[in-house]
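A short write-up of the structure that comes next.
The values are calculated or read from the model by the stated rules, or taken from the named source; none is laboratory data. Small disclaimer: the values here were computed from a predicted structure and weren't measured. Here the Cβ is made from the backbone with ideal geometry for all residues, glycine too, and neighbour counts use every protein chain on show.
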Amino acid sequence: MDGGVGASSPPPKSPDSAPEPKRRERKQKSGLGWLEWTRGWMSVVGEMLFQRIMASHLQNPLPLPPVNNLTCIVTGSTSGIGLQIARQLAEAGAHVVMAVRNPKAAHDLIQKWQNEWSGMGLPLNIEVMELDLLSLDSVVRFADAWNSRLGPLHVLINNAGIFSIGEPQKFSKDGYEQHMQVNHLAPALLSVLLLPSLLRGSPSRIVNVNSVMHYVGFVDPEDMNLVSGRRKYTSLLGYCSSKLAQVMFSSVLHKRLPAESGISVLCVSPGIVQTNVARDLPRIVQAGYRVIPYFIFNPQEGSRSSLFAATDPQVPEYCELLKADEWPVCAFLSQDCRPTNPSEEAHNVETSYWVWEKTLELIGLPSDSVERLIEGKEITCQYVGH
């Protein structure tokens with residue numbers, strides 16, 4: 001495919017691309033500098049204005065390579081981008097697991113798709129499993145149920161996310177700020193706990209549906225719950241922080257997984273997409289969505305980067321190139337299915353490892369979880385409230 005991952009070489013080595021930083025007194029800055037903040041918002045505005053031009057080489061829907069032998073878990077697949085990802089993978093022949101909070105809605109969708117499907121008389125291979133990312137217990141139950149099958153998992157697509165625009169700060173029953181839990185902590189827990197199944201499916205992939213909004217995100221590892229008062233909480237702050245935390249955690253996971261595991265980790269931006277989130281936008285922004293529909297992707301267009309990351313045969317090679325070059329961040333694909341660089345703050349190696357350690361602490365996993373699971377050993381999850 002034009003613009004395929006394999007066509008791009010990794011960026012030059014960064015002076016910060018060292019292995020895990022040595023322990024020393026950590027000095028956390030209080031936020032993005034004005035220059036970083038300005039460049040971040042320029043990236044966001046640039047994606048909105050030019051994403052359709054940048055992705056003009058892509059077909060819609062995106063043609064997929066053979067996926068008949070793939071088993072794919074897609075979280076949040078009853079609406080928006082996730083719905084499109086699940087349907088297109090299933091229609092291409094994959095075994096799709098819809099990991100959703102509302103199983104009835106998923107079953108209704110499957111019935112609708114089966115009635116509309118005319119693929120050689122064969123039914124779509126889709127199943128439904130319940131998963132509520134606002135409950136870490138639910139994540140553990142889901143992972144235990146899937147791993148107990150002792151079958152392969154080839155692709156985990158962490159698509160589910162929330163952006164409660166304009167809403168006051170809310171916390172999950174586990175005690176974590178909701179954006180941070182749904183967009184980062186719960187997918188991180190799911191990714192680590194499913195490593196045994198991903199190993200059985202090797203070569204396999206973890207695809208995290210991220211956002212261009214991470215460019216204006218900032219993570220204070222000592223205040224991931226945003227309760228210290230050092231920064232005034234807004235839903236925008238909660239969302240952007242959670243998306244940056246996901247990139248940082250993914251970058252360390254990418255480094256921790258040995259090449260022989262065959263597991264690739266990458267993040268993607270779907271672009272600026274018209275989804276259910278728009279219902280909660282301020283009226284003036286909703287009006288903008290209606291006035292300039294040309295600039296906004298529909299969910300099918302927004303699904304292309306995730307589908308590309310999940311299926312393109314050159315993706316594992318690109319991920320391994322970055323690892324061999326000791327590039328400080330994981331692979332990140334833009335909405336045009338081409339490699340791009342995450343934010344400047346995402347390149348902060350020391351903070352990324354700090355976020356890694358804090359995340360494992362919050363979700364109750366031991367610091368050597370990845371290594372133990374790769375070796376076939378069991379781990380115990382002991383998060384607060386579990």
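For region 126-169, give me each residue that is assigned to a loop (DSSP other than H, G, I, E, B) and loosely packed, with under 15 Cβ neighbours inside 10 Å. Selection gives S148, R149, L150, G151, G166, E167, P168. Of the residues making up region 337-348, one or more are touching a residue at least 40 places away in the same chain (Cβ under 8 Å), crowded, with 23+ Cβ neighbours inside 10 Å, among the aliphatic types (A, V, I, L, M) and in contact with a helix residue (DSSP H, G or I) (Cβ under 7 Å, 6 or more places away or on another chain). If you go through region 215-254 and keep only what is closer than 25 Å to N159 by Cβ, in contact (Cβ under 8 Å) with a residue 24 or more places away in the chain, of a type in the set (V, I, T) and not in a helix (DSSP H, G or I), you end up with just V219. Of S138, S148, all but one fail to be under 21 Å from S204 (Cα atoms), of a type outside the set (V, I, T) and free of Cβ contacts under 8 Å to residues at least 12 places away in the same chain; the exception is S148.
Cβ separations smaller than 7 Å between residues 6+ apart or across chains give the following pairs from region 52-68 residues that are modelled with pLDDT under 95 to residues that are polar (S, T, N, Q) and part of a loop (DSSP other than H, G, I, E, B): A55/Q335. Number of residues in region 74-112 that are part of a helix (DSSP H, G or I) and of a type in the set (A, V, I, L, M, F, W, C): the value is 10. In a residue-by-residue description of region 83-100, the property of being of a type in the set (D, E) and more than 18 Å from T71 (Cα to Cα) applies to no position.
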